[in-house]
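J.: Handing you this structure, nothing more for now.
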Amino acid sequence: MGDASNTTAKPKDNGKLSDLPQPTTFITGHNSSGQAIVQSHNPFQWRPYDDNNLAFAVPYTTSRFPPDLNNDTDLKLHQSLLSTPDKLGLVNPKGTVLRCVDFAPGYACGMHRTQSLDYGIVMEGEVDMVLDSGERYSLKRGDVAIQRATQHQWVNKSDTKWARMMFVLQDCEPLVVAGKQLGEDLGTNSGLPPSGN
């Protein structure tokens, strides 16, 4: 997945690699009276990549638009998708993926493109967004990148601290630029299955 300077991280509880706080997912629903309740709350489950320099957690996905919340259809589809982790690529065709990503100190993922519209929010640290045009921007905590099916790379600027970003990836129609249809390009992101969209 790219350059890596930290290969000493070992998975902790729930597969977490970083020393950043462990987030929790709170999923709401309704009781028999129609009042809002928390149906479940669980710590993120992490999956390491690239010699433990990168970790993904997927707290939620949808598999259709608009989602069907009746009879917990959305939750059943989410649980089914996560029960076969090698099935889910970066993007869920016809749906969305909420993914949290921890980047090791100094880590740079490979240049890649997804066929999706993505919201990327820096939660911890400072991350460079590098585009294939050569443009480079430094994103700080709270900054948001709207990735519109573009080639990009993420670089943790710190040599000593982990960085964290939260992403919402949404499937999109095939994109045509200058008469050429662009699609998913995982680049050097080995270990990730194609999204299939």
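The values are calculated or read from the model by the stated rules, or taken from the named source; none is laboratory data. Quick caveat: nothing in here was measured; it's all calculated off a predicted structure. Note that we place each Cβ from the backbone using ideal geometry, even for glycine, and neighbour counts take in every protein chain shown. Accessible surface is based on the protein model in full, side chains and every heavy atom, while ligands, DNA and RNA are left aside. Shrake-Rupley method; radii C 1.70, N 1.55, O 1.52, S 1.80 Å.
J.: For Val91, only one of the following conditions fails: (1) outside any strand (DSSP E or B); (2) out of contact with any Phe, Trp or Tyr (no Cβ under 9 Å at 6 or more places or on another chain); (3) surrounded by fewer than 17 Cβ atoms within 10 Å (Cβ to Cβ). What is its number?
T.: Exception for Val91: condition (3).
J.: Within segment 23-51, how many residues turn out to be modelled with pLDDT under 95 and assigned to a loop (DSSP other than H, G, I, E, B)?
T.: Within segment 23-51, residues that are modelled with pLDDT under 95 and assigned to a loop (DSSP other than H, G, I, E, B) number 2.
J.: Identify all residues within segment 1-22 that are over 21 Å from Lys157 (Cα atoms) and either at pLDDT 95 or above or in contact with a strand residue (DSSP E or B) (Cβ under 7 Å, 6 or more places away or on another chain) (or both); write none if there are none.
T.: Pro11, Asn14, Gly15, Gln22
Here is a yes/no grid of residues against (1) within 29 Å of Arg64 (Cα to Cα); (2) of a type outside the set (A, V, I, L, M); (3) part of a loop (DSSP other than H, G, I, E, B):
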| position | (1), (2), (3) |
| --- | --- |
| Val155 | no, no, no |
| Thr160 | no, yes, yes |
| Met166 | yes, no, no |
| Val176 | yes, no, no |
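J.: Please determine whether any residue of segment 68-88 is β-branched (Val, Ile, Thr) and closer than 22 Å to Asp171 by Cβ. First the steps, then the outcome.
T.: Taking segment 68-88 and keeping what is β-branched (Val, Ile, Thr), we get 73, 84.
Remaining after also requiring closer than 22 Å to Asp171 by Cβ: 73, 84.
Checked segment 68-88: at least one residue is β-branched (Val, Ile, Thr) and closer than 22 Å to Asp171 by Cβ.
J.: Here are some residues: Asp159, Asp102. Which one is open to solvent by 20 Å² or more (accessible area, probe 1.4 Å), acidic (Asp, Glu) and at pLDDT 95 or above?
T.: Asp159
J.: Starting from segment 149-171, take each residue that is closer than 19 Å to Pro48 by Cβ and list its partners that are surrounded by 20 or more Cβ atoms within 10 Å (Cβ to Cβ) and of a type in the set (S, T, N, Q), counting only C-beta distances under 8 angstrom and pairs at least six apart or across chains.
T.: Qualifying pairs under 8 Å: Trp162/Ser18; Trp162/Asn156; Ala163/Asn156; Arg164/Ser18.
J.: Would you pick out the residues in segment 140-149 that are part of a loop (DSSP other than H, G, I, E, B) and surrounded by 18 or more Cβ atoms within 10 Å (Cβ to Cβ)?
T.: Ala149
J.: Filtering segment 178-197 down to residues that are over 19 Å from Phe56 (Cβ atoms) and part of a strand (DSSP E or B), which residue is least open to solvent (accessible area, probe 1.4 Å)?
T.: Taking the candidates together, the pick is Leu182.
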